[in-house]
Amino acid sequence: MLYGGVGNGKTTMARAIARTFLRVRNRAQELVNDTRWRIDNNTQDCMDNKIYCMPSSIEFIKATELIRMARDGASISKYITSPAIILDDFGEEAEKILIYGSEAKPTTDLVNERCDNLKLTILTSNITDEALELRYGTRTISRVDQRFDRINFDNRSYR
Ligand SMILES: Nc1ncnc2c1ncn2[C@@H]1O[C@H](COP(=O)(O)OP(=O)(O)OP(=O)(O)O)[C@@H](O)[C@H]1O
Ligand SMILES: [Mg+2]
């Protein structure tokens, strides 16, 4: 979770992390497939498994856009099940919405579910710790505390 003041590079860094993940995965795959190395079958399986565990794609979605999709009845399941996502501007969205008259909390549910399923999630946020707890409640906070490294961006805005 990359959090802090506005305009100081959180989204840029999140995208750079995602690109790096994908590059490392692709490079590792190239190396494993390279016929110049003679890798025995056990090592090959081991390497394949390690590469398989790395995400092959990373979805990028703004929290406000996710809420808009949920409100419009569009499916957001791809963002719940995808092996890796960047959820940008977490805390900017309306955390509670009405869907056919019932209250729903799409971002809270998404974060809880992804945490429970150990899926890679990168959050960017301007939200403070206190506001985080007030908005999302203790269930989500305990998951965020357990599963996320919090990286504070306290430099000035680049804008
Ligand atoms: N390390 C950097 N050096 C110079 N410019 C940067 C750097 N990181 C980001 N920028 C530029 O600063 C601007 C703001 O960056 P970015 O959108 O990543 O900030 P942010 O922290 O996500 O902002 P917000 O809190 O408003 O979402 C962009 O124009 C980006 O290109
Ligand atoms: Mg941003």
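A short reminder: the numbers here are calculations on the coordinates, not readings from a lab. Note that this is a predicted model, so its numbers are computed, not measured. Cβ coordinates were reconstructed from backbone atoms using ideal geometry, including for glycine residues, and neighbour counts include every protein chain displayed.
Computed from Cα atoms, the angle from the helix 106-116 axis to the main principal axis of the chain rounds to 40 degrees.
Give the lysines whose C-alpha is closer than 26 Å to that of Lys10, dropping any in the same chain fewer than 8 places away, or say none. The reachable lysines, counting only those whose Cα sits under 26 Å from Lys10, are Lys62, Lys78, Lys96, Lys105, Lys119. Between the Cα long axis of helix 41-53 and the first principal axis of the chain there is an angle of about 20°, rounded to the nearest 10. By DSSP, the beta bridges lying fully in segment 2-153 are antiparallel in about 20 percent of cases.
Using the Kirkwood radius built from alpha carbon pairs, what does the Stokes-Einstein equation give as D for segment 2-153 at 4 °C and 1.567 mPa s, in µm² per second?
After rounding, the answer is 76 µm²/s.
Over the chain, what relative contact order in percent results from Cα pairs under 8 Å that are six or more residues apart? Relative CO of the chain lands at 37 percent.
Under 16 Å from a label point set 7 Å out along the Cα-to-Cβ vector of Arg19, the amide N atoms of segment 29-69 belong to 58-60. Taking 0.36 nm per residue of separation and subtracting the current Cα-Cα distance, fully stretching the chain between Arg27 and Arg159 would add 44.1 nm. Straight-line reach only, C-alpha to C-alpha below 15 angstrom: list the aspartates and glutamates that Lys50 could link to, leaving out same-chain residues fewer than 8 apart. Filter leaves Glu30.
With everything on Cα atoms, drop me the angle between helix 10-33 and the longest principal axis of the chain, reported from 0 to 90° to the nearest 10. In the chain, helix 10-33 runs at an angle near 20 degrees to the longest axis.
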